[in-house]
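Quick notes on the structure that follows.
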Amino acid sequence: GPVAHQVWAGTFHSACVQILRRHAEMIGYSNRFSISDTSDQIAAVRQTLRELDMDAKKFDPRAVLSAISAAKNELLDAEDYADRAHDFWEQNVARVYPVYQQKLESSDSMDFDDLIMHTVSLFECHPDILELYRERLHYILVDEYQDTNHAQYRLVRLLAGENGNLCVVGDADQSIYRFRGADIRNILSFSTDYPTAKMVKL
């Protein structure tokens, strides 16, 4: 029926695109922002390495991009990452990160990881917008919860609120995506995060 048309079903990233298309101007982007694919991202990192006089053979662009992606999955912006950088590799990634990010912003573009990171930032900086989506999304279901990363976890916490109607499905024994940023603590701590939740074991 008509109510079904109000249902959102999709990935975290597709939901964030819908939100950002409506509110991107609140965080310094236009609503027509582009989404950089992997080849665009690598090209931007290569150009940044050249500008910083860093050897692309010593600092593989894909590895640098992977480190930046991991930082964004932890909701670390360039400044936060630099503050936590300790070893030689991290300190050099910290040189690349802000320049790379500036290239994205100056071209009104976001990479895949920005979609969630910027949505979290939007909600945290503009509680009125967060409230609009809390009012719209009365019930939230997350599948494969054991594979969520910190950014996704934070997004769900914001949308669900402290007493939100949240249902997650997952199996801690099937958490195999740590290399992609999945944090098993998200599912292990679910009953602590949401103490009124009912657990159904299958």
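Could you please let me know if ARG154 is modelled with pLDDT of 95 or more and more than 16 Å from SER14 (Cβ to Cβ)?
yes
Evaluate region 129-143: report whether one residue or more is touching a strand residue (DSSP E or B) at 6+ places or on another chain (Cβ under 9 Å), open to solvent by 90 Å² or more (accessible area, probe 1.4 Å) and of a type in the set (Asp, Glu).
Yes; the residues of region 129-143 include at least one that is touching a strand residue (DSSP E or B) at 6+ places or on another chain (Cβ under 9 Å), open to solvent by 90 Å² or more (accessible area, probe 1.4 Å) and of a type in the set (Asp, Glu).
Each row is one residue, and each column tells you yes or no for (1) under 19 Å from the mean Cα position of the chain (by Cα); (2) more than 30 Å from LEU166 (Cα to Cα); (3) hydrophobic (A, V, I, L, M, F, W, C).
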residue	(1), (2), (3)
ILE42	yes, yes, yes
ARG46	no, yes, no
GLU51	no, yes, no
SER69	yes, no, no
GLN102	yes, yes, no
SER107	no, yes, no
ASP113	yes, no, no
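Check off (1) closer than 23 Å to VAL156 by Cα; (2) at pLDDT 95 or above for TYR97 and give me the number that stays unchecked.
All conditions are met except number (1).
Would you check which residues across region 36-77 are without any contact (Cβ under 8 Å) to a residue 12 or more places away in the chain and either surrounded by 17 or more Cβ atoms within 10 Å (Cβ to Cβ) or in contact with a Leu (Cβ under 6 Å, 6 or more places away or on another chain) (or both) and list them?
Hits for region 36-77 are ALA56, LEU76.
Which condition from (1) touching a residue at least 12 places away in the same chain (Cβ under 8 Å); (2) of a type outside the set (Ser, Thr, Tyr); (3) within 27 Å of GLN6 (Cβ to Cβ) is the one that ASP113 breaks?
All conditions are met except number (3).
Identify all residues within region 102-148 that are of a type in the set (Phe, Trp, Tyr) and part of a helix (DSSP H, G or I); write none if there are none.
Selection gives PHE112, PHE123, TYR133, TYR145.
Return yes when TYR97 is aromatic (Phe, Trp, Tyr) and farther than 30 Å from HIS5 by Cα and no when it is not.
So TYR97 passes the test.
Being open to solvent by 10 Å² or more (accessible area, probe 1.4 Å) and either of a type in the set (Val, Ile, Thr) or within 8 Å of the chain's Cα centre (by Cα) (or both) is the filter here; which residues of region 115-127 pass it?
MET117, HIS118
Name the residues in region 2-30 that are surrounded by 13 or more Cβ atoms within 10 Å (Cβ to Cβ) and of a type in the set (A, V, I, L, M, F, W, C), would you?
Residues satisfying the conditions are PHE12, ALA15, CYS16, VAL17, ILE19, LEU20, ALA24, MET26, ILE27.
Per-residue answers, yes or no, for (1) surrounded by 17 or more Cβ atoms within 10 Å (Cβ to Cβ); (2) in contact (Cβ under 8 Å) with a residue 24 or more places away in the chain:
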position	(1), (2)
THR148	yes, yes
TYR153	yes, yes
ALA172	no, yes
ASN186	yes, yes
THR192	no, no
LYS198	no, no
LYS201	no, no
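The values are calculated or read from the model by the stated rules, or taken from the named source; none is laboratory data. Model, not experiment: these values are computed from the prediction. Backbone-built Cβ (ideal geometry, glycine too); neighbour counts: all protein chains shown. Each accessible area value is taken on the protein alone, full model and side chains, heavy atoms only, with ligands, DNA and RNA left out. Shrake-Rupley method; radii C 1.70, N 1.55, O 1.52, S 1.80 Å.
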